[in-house]
Structures are given as C-alpha cells and as structure tokens.
Amino acid sequence: MILTKILHRYILRNFLRTFFITFTVSIFVLVMQFMFHYADDFIGKGMGLGPIAELFFHAALSLVPLSLPLSILLGSLMTFGNLGERLELLSMKAAGVSLFRIMLPLIILVGGISVGSYYFADNVLPKAQVRMWTLIFSVREKSLELNIPEGSFYSGIEGINIYVREKKDGMLKNIVIYDYSQGFENTLIILANEGKMEMSKNKTYLLLTLYDGESFENLTEGGGPQDKRHNDNEIIPYRRETFSKKEVIIDFDSNFNEMSSSFLEGQYVSKNTKQLQHSIDSISAKVDSVKQANAVKQVNTAYFDNKTGSKNATKMASNDAIKYRAESLDKIYIQLDSIQKIRVLENAMSRCNTVSNDISYDAAVTDWMDGELRRHAIEWHKKFTLAFACFIFLFIGAPLGAIIRKGGMGMPIVISTVMFIVYYIIDNTGYKMAREGLWPVWQGMWLSAEILLPLGIFLTYLAATDNTFVSGEAYIMKIKEIFNKIKTKFHVQAKHN
C-alpha cells in the first residue's frame, strides 16, 4: 500500500510538471493564432497596451477548454513514454502493479480536470466570450491612426480626402483637401502651399493650420451652402477665398471607445447550460408553432381560398359574361375569348408569384429560426464534448506512451500533434455538419468522441496486455528477421553452387 502511494505520487509529479508546461505552450500557440487571425483589425489603429492586453487575456480564457485536451494528451504521452524508456513501467508491472493501477491517479486527476473544464465552460467562458467579442467589435469600430502618406490621397477621415505632396521638418507641403461631408455636390476644396497638423488634447478633433492658399465652395442664391441638386445647364454660384493663414477643425475621434455589451446578451455565446436549455425549449416551441401556422396558411390560401382561387380568377376575367356553373375549369376556359384568356393567365401567374413569395419568406424565417436553434444546441453540447475529450485523450496518450516507450520532446510531440490534428478535423467536420443541419446536432458534436473513444479503449487494451501490435521495436525486429532469413537463404544457395 505504501509502495503504491509512492508510485502514485511519483507519476502525478511527473505528469503535472509536463502538463503545466504543455498547457502554457498550448495557450500561447492558440493565442498567437488568434492574434494572426485578427491582426488586420489591430494594424494601423494605434491601440494602447491596456485594451490589447485585456483582449488577449479574455481570448486566452476562451481557449482554455480547447487547450486542456491537447495538454492532457501530450502530458500523458510524455509521462508514460519516459516511464517506458527508463524501464520504470516494466519494473512496476514486474512488481505486480497493473497498468490500470498505475493510471489510477491520473484517471482521478483528469476526471477532476474534466469536471472543472465543464464548470469553467459553463460559468467563466460565457463572460469571457462576451468581453472578448465586445473588445473585438470596439477595435473594429476604432478609427485608423492618423498617418497621412506622401504623394497619395488619405481617406482615413470620414467625408474628407487629404493629399500631401511632401513632409518636411514637421510641415506638410502642397496640400489639397476635399471635404464632401455635406454631399458630393457641396464639396469644399482647399488648396494650400503648406500647413501643420495637430490633435486636440482630448483626441477628438484635428486642427489643421494652413498657409498661403485658397478655397472653393458652392453657394445657393441665399449665400449659404448648396443643399439641393441643380440641373446640368444651371449656373451654380460659388465662393472663392484666398488666405494667408486658415485654421480648419475636423472631427476625428482617435480615442478607444468601448461598445456596450448589451447586443451580445441574447446571443448563445453569453449563456450557460441552463440558459441555453431554456432558449432551446423556447425556440423549439416557437419553430413548431410557426411551421404549423405556415402549413395551415398555405393550405387555406393556396388551395381553398375562394376569394383569390383559380375558379374566381375565371369569373373575374369573364366580367360576368359567362355565368359560373359547376363545370370543370377547362370547359370554362375554352368558352373565354382571347383577351379574357390572357387576363385569366395573368391573374393565375400573379397568384402563383404571390404564393411563391409567401412560401419563400416563410421558409426563410423558419430557416433562420432553425439556425438559431442549432447554434444554441451546438453551444450546449460543446460544453460537454470538450470536457469529455480530456478524459478520452488520457486513454489515448497514456497507453500510446507505454507502447512506444519514447520520452522526451521529439516523438511524443509529433504523435500528439498528429492525433490532435485528427481530432480537430473530425470535430470540425461534425460541427459543420451540425451547423448546416445536415446531421442532428448531437451526432455532429459527438462525432469525435464516437471515433476516438473506441481508439482509446483499443490502445488501453494493447498496453494492458503488453501487446506489441503497434510497437515500433516489434516491426523493426520483424524486418530484421525477414532480412536474416533472406541472407541465410542466399548463403545456402551459394554453398550449393
């Protein structure tokens, strides 16, 4: 009993050391991937360190449930690979300790990590995602950092284009400004030989001080800015101003203004399991009622509506020249003249288009509601699948490490990377199938578990029974044995010859 406790502490110590390192590296790699994905939203915005650090912090929190399975896979693979390479695993088995007994502390630990991953995804993750997406949308709305280039028009200021031929000693040379903020027909054109640009202290206004230039502006008859469209041949009055010094104030808010997170409150990313289940039930009931109402409406309006039905179309087209009798529509249609037939066909086509448009609109509404239902269901299942993936990867990494008996950072990293890529491809395939409605949501979201769980059980069985089915050493020895047989055969033939 004492020996078992010592072994368990030894295994836990080796696993935790590797687990924390791999978890940190996994978070770092995934955050870098996140940064590269949204790099275009940050470039040229002049963002401060505070908002960017907060964004990356909440992005890291959002990536924790995805990093845990990879960390457990690599940690268990390296731990048991090191034990196998140092023959410590063989010594434990020789002492009568089974593989399951060796794995018991890791099974308990990873079980706790899986439960913690679920509670993290259910309580912390929604708040982190709301905060992260709020910051991302706020960054996207921030104005570009003011950096007017030389020799080309700068359009980073809304409603204004600025051209600067040259920058020298803090001054702008040969400036052209097109101000179309009041409309293209009311464009104000300013030319200046030189000028300088300054930002207000609160960073909400841009002050341009221009020297030796002139401006042109269209005018109405009353002398104010023109506010209506003129005919092409009409003479438009304008005002020309020559100045030696002119100050222009432009609205340009370069501060980081954070948006309100209220627009994300009703989204699936902001809900926990209980809220998601409530939304799923509500949307399901609403979808069923809408589909039933649409079916009843289509039956009543498309087939049994006497006011706009096909029989009434023939009565309207005939102008009551032909009294409606209980006859077939074909007989009634034959009795109409050519003009009346055209009117009947036009009425029928109009009716068909109306019904078709109604059906298309109802289908679009129900498709959107079905999509919302699937997105909520996907988020609900994701909180469980990522937690369960931690448990599966333990039963893949630990037996695989015991089988290959290779420690260090080489082979384990290669194998764990390949396994995680396979998992990601399978999981992403199931996610897309569920999102598009091609598969039931539960089937798509649990696809990776359905495939990898039998693999974990199979590998655990091979490691527990000391089977060399996937051992690299076994294949090398088999190849050597085949070559030795071939070599012996050639030696025998050579002696006979």
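Out of MET78, MET92, MET35, I need the residue that is surrounded by fewer than 16 Cβ atoms within 10 Å (Cβ to Cβ), at pLDDT 80 or above and not acidic (Asp, Glu). Which one?
Just one listed residue meets the conditions, MET35.
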* Residue among SER200, SER91, SER98 that is touching a residue at least 24 places away in the same chain (Cβ under 8 Å), polar (S, T, N, Q) and either closer than 30 Å to ALA463 by Cβ or touching a Leu at 6+ places or on another chain (Cβ under 9 Å) (or both) -> SER98
* **Cβ pairs under 7 Å, 6+ apart, first in segment 166-179 and over 17 Å from LYS245 (Cα atoms), second open to solvent by 80 Å² or more (accessible area, probe 1.4 Å) and at pLDDT below 85** => GLU166/GLU150; LYS167/GLU150
* Structure fact -> Within segment 137-177, the residues that are touching a Ser or Thr at 6+ places or on another chain (Cβ under 6 Å) and either open to solvent by 80 Å² or more (accessible area, probe 1.4 Å) or at pLDDT 80 or above (or both) are ASN161
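Pick from segment 41-60 the residues that are among the aliphatic types (A, V, I, L, M) and open to solvent by 40 Å² or more (accessible area, probe 1.4 Å): which of them is modelled with the highest pLDDT? So that I can check it myself, show each step before the final result.
To start, the set of residues in segment 41-60 that are among the aliphatic types (A, V, I, L, M) comprises 43, 47, 49, 52-53, 55, 59-60.
Now restrict to residues that are open to solvent by 40 Å² or more (accessible area, probe 1.4 Å): 43, 49, 52-53.
Working: ILE43: 66, LEU49: 78, ILE52: 82, ALA53: 86.
Per the criteria, the residue is ALA53.
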* Structure fact -> For ASN218, the lone unmet condition from (1) of a type outside the set (Gly, Ala, Ser); (2) buried (at least 17 other Cβ atoms within 10 Å of the Cβ); (3) outside any strand (DSSP E or B) is (3)
* Yes or no: SER254 open to solvent by 50 Å² or more (accessible area, probe 1.4 Å), polar (S, T, N, Q) and either over 30 Å from ASN123 (Cβ atoms) or modelled with pLDDT under 75 (or both)? -> no
* Only one of (1) at pLDDT below 80; (2) surrounded by fewer than 16 Cβ atoms within 10 Å (Cβ to Cβ); (3) closer than 25 Å to ILE175 by Cα fails for GLU234. Which number is that? -> (3)
* Asked: Looking only at helices (runs of 4 or more DSSP H) that fall completely inside segment 408-481, which ones have 2 or more residues that are at pLDDT 80 or above and within 21 Å of SER76 (Cβ to Cβ)?
  -> 411-435, 447-464
* To do: Only residues that are open to solvent by less than 60 Å² (accessible area, probe 1.4 Å), of a type outside the set (A, V, I, L, M), in contact with a Gly (Cβ under 9 Å, 6 or more places away or on another chain) and under 16 Å from PHE384 (Cα atoms): list them for segment 428-442, please.
  => GLY430
* Asked: Applying the selection to segment 278-310, what residues are aliphatic (A, V, I, L, M) and modelled with pLDDT under 75?
  -> VAL299, ALA302
* Is it the case that some residue within segment 102-118 is in contact with a Leu (Cβ under 9 Å, 6 or more places away or on another chain), under 23 Å from LEU264 (Cα atoms) and of a type outside the set (S, T, N, Q)? -> yes
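The values are calculated or read from the model by the stated rules, or taken from the named source; none is laboratory data. All values reported here derive from a predicted model rather than from experimental measurement. Glycine also receives a Cβ, built like all others from the backbone with ideal geometry; neighbour counts cover every protein chain displayed. Side chains included, ligands, DNA and RNA excluded: accessible areas come from the protein's heavy atoms. Shrake-Rupley method; radii C 1.70, N 1.55, O 1.52, S 1.80 Å.
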